[in-house]
Amino acid sequence: MSQDPHPSERPSSGSHRNPYDGGAYGGQGEYGPYQSTQPYQQPYQPGGYQQGMYQPSYQAMEGEKAAQLSLIFGLVGFFVAGIVLGPLAIWQARKAERLGVPATAGKILGWIVTALYAIAALFFAVMFIIFFAGLGAATGYNS
């Protein structure tokens with residue numbers, strides 16, 4: 001059994017061809033079919049910024065900062081001091097929107113946190129009044 005199982009893959013007798021020299025794209029040159037021989041280079045731009053890069057203004061940066069603070073205040077307000085952080089989230093969201101940056105999530109979270117803490121405060125106030133009203137009524141019968 002000395003027969004070659006893949007006779008079509010044998011190199012022809014006159015030339016030896018390396019199977020790892022580019023395969024189907026072997027005649028495409030040193031860089032292959034999709035790369036040019038000279039890499040593209042941008043000309044030097046003074047100032048350290050490339051042309052076309054986004055450079056936010058001071059106003060836009062302040063707006064983004066306010067939007068992020070609004071979101072942070074809204075999220076943290078669910079767990080700690082929501083009666084304070086909820087209104088702060090709303091205030092920061094309005095500031096961001098005045099500066100042209102959308103802050104819808106922070107504003108919504110601020111309103112939700114403020115409403116939840118207001119409802120909780122109202123609930124505890126009513127419970128406090130009922131407790132002391134009941135305590136006062138119970139002591140009134142014993143006298």
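The values are calculated or read from the model by the stated rules, or taken from the named source; none is laboratory data. Because the structure is a prediction, the values reported are computed rather than measured. As a convention, Cβ positions derive from the backbone with ideal geometry for all residues, glycine included, and neighbour counts pool all protein chains shown.
For the range 105-124, the tally of residues that are surrounded by fewer than 21 Cβ atoms within 10 Å (Cβ to Cβ) and within 21 Å of the chain's Cα centre (by Cα) stands at 2.
This table checks each residue for (1) modelled with pLDDT of 95 or more; (2) of a type outside the set (A, V, I, L, M).
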| residue | (1), (2) |
| --- | --- |
| GLY63 | no, yes |
| SER70 | yes, yes |
| PHE79 | no, yes |
| ILE83 | no, no |
| GLY100 | no, yes |
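Scanning the range 77-104 for residues that are among the aliphatic types (A, V, I, L, M) and surrounded by fewer than 18 Cβ atoms within 10 Å (Cβ to Cβ) turns up VAL80, ALA81, ILE83, VAL84. Being in contact with a helix residue (DSSP H, G or I) (Cβ under 9 Å, 6 or more places away or on another chain), modelled with pLDDT of 95 or more and not in a loop (DSSP other than H, G, I, E, B) is a property that holds for VAL113.
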